[in-house]
Amino acid sequence: MDTDLYHLNAYHSEHGIHDVTLAVREVGDDYMITCKLPMSGDLLTGQATDCFAALQIIRRKAEGRDWKICCKGSRRNVWPSAMSRQMGGGVKAYVLEMGQQGRADSLVDIFDEDDPESYSPVSDQESYAHAWFQSLR
């Protein structure tokens, strides 16, 4: 099985910005992401049916240690479609706008690097996605 490596920044309020590498691989029907945190060397692992869900697991674990993984998939208004999750492993996601369907020109790779200022906790991202779905009704 091939492992894809994504080199990103992680931000900590006391330690600043450090390089991290996310290792992504398929495990059966799932995707597994591993990430070694700077400073402590803690190894975080997330496994789920798609990359976006596995990234959320990693992010929650990192948040619990005051680290932010800085990538497009960590933005408040980024969420994958069901088709992206099923057909593409959740690697592509839409930049959402309230009241508007996702558009092809708003697709981003969730593992593309982003600024620490764009980071949003997983719970805020989930709340935004829920509100966005409601705004389409």
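Quick check on my filter: what residues within the range 71-84 are closer than 18 Å to Tyr31 by Cβ and crowded, with 20+ Cβ neighbours inside 10 Å?
Residues satisfying the conditions are Cys71, Gly73, Ser74, Val78, Trp79, Pro80, Ser84.
Of all residues in the range 79-91, how many are in contact (Cβ under 8 Å) with a residue 40 or more places away in the chain and in contact with a Cys (Cβ under 9 Å, 6 or more places away or on another chain)?
3
Restricting to the range 88-97, name every residue that is out of contact with any Leu (no Cβ under 9 Å at 6 or more places or on another chain) and assigned to a loop (DSSP other than H, G, I, E, B). Before you say what the answer is, go through the steps one by one.
Filtering the range 88-97 down to residues out of contact with any Leu (no Cβ under 9 Å at 6 or more places or on another chain) leaves 88-89, 91, 96-97.
Correct list: Gly89, Val91, Leu96.
Are there strands (runs of 3 or more DSSP E) fully within the range 1-41 with at least 3 residues that are more than 22 Å from Arg85 (Cα to Cα) and under 18 Å from the mean Cα position of the chain (by Cα)? List them.
Correct list: 3-12, 16-27.
Exactly one of these conditions fails for Asp19: (1) touching a His at 6+ places or on another chain (Cβ under 7 Å); (2) within 20 Å of Val108 (Cα to Cα); (3) not basic (Lys, Arg). Give me its number.
(2)
Taking the stated definitions as given, is Lys68 in a helix (DSSP H, G or I), among the basic types (Lys, Arg) and surrounded by 14 or more Cβ atoms within 10 Å (Cβ to Cβ)?
It is false that Lys68 is in a helix (DSSP H, G or I), among the basic types (Lys, Arg) and surrounded by 14 or more Cβ atoms within 10 Å (Cβ to Cβ).
Among (1) modelled with pLDDT of 95 or more; (2) under 15 Å from Val20 (Cβ atoms); (3) surrounded by fewer than 17 Cβ atoms within 10 Å (Cβ to Cβ), which single condition is Ile33 missing?
Status for Ile33: all satisfied but (3).
Going through the range 106-122 one residue at a time, which ones are assigned to a helix (DSSP H, G or I) and within 28 Å of Thr3 (Cα to Cα)?
Ser106, Pro116, Ser118, Val122
Pairs please, first residue from the range 105-125 and surrounded by 12 or more Cβ atoms within 10 Å (Cβ to Cβ), second anywhere and of a type in the set (Ser, Thr, Tyr) and assigned to a helix (DSSP H, G or I), Cβ atoms under 7 Å, 6+ apart in sequence or on different chains.
Asp114/Ser74; Tyr119/Ser74; Ser120/Ser74
Please determine whether any residue of the range 37-49 is within 11 Å of Ile110 (Cβ to Cβ) and either modelled with pLDDT of 95 or more or surrounded by fewer than 16 Cβ atoms within 10 Å (Cβ to Cβ) (or both).
no
The values are calculated or read from the model by the stated rules, or taken from the named source; none is laboratory data. Note that the structure is predicted; figures quoted are calculated from it, not measured. Don't worry about glycine lacking a Cβ; one is built from the backbone with ideal geometry, like all the others, and counts go over all protein chains shown.
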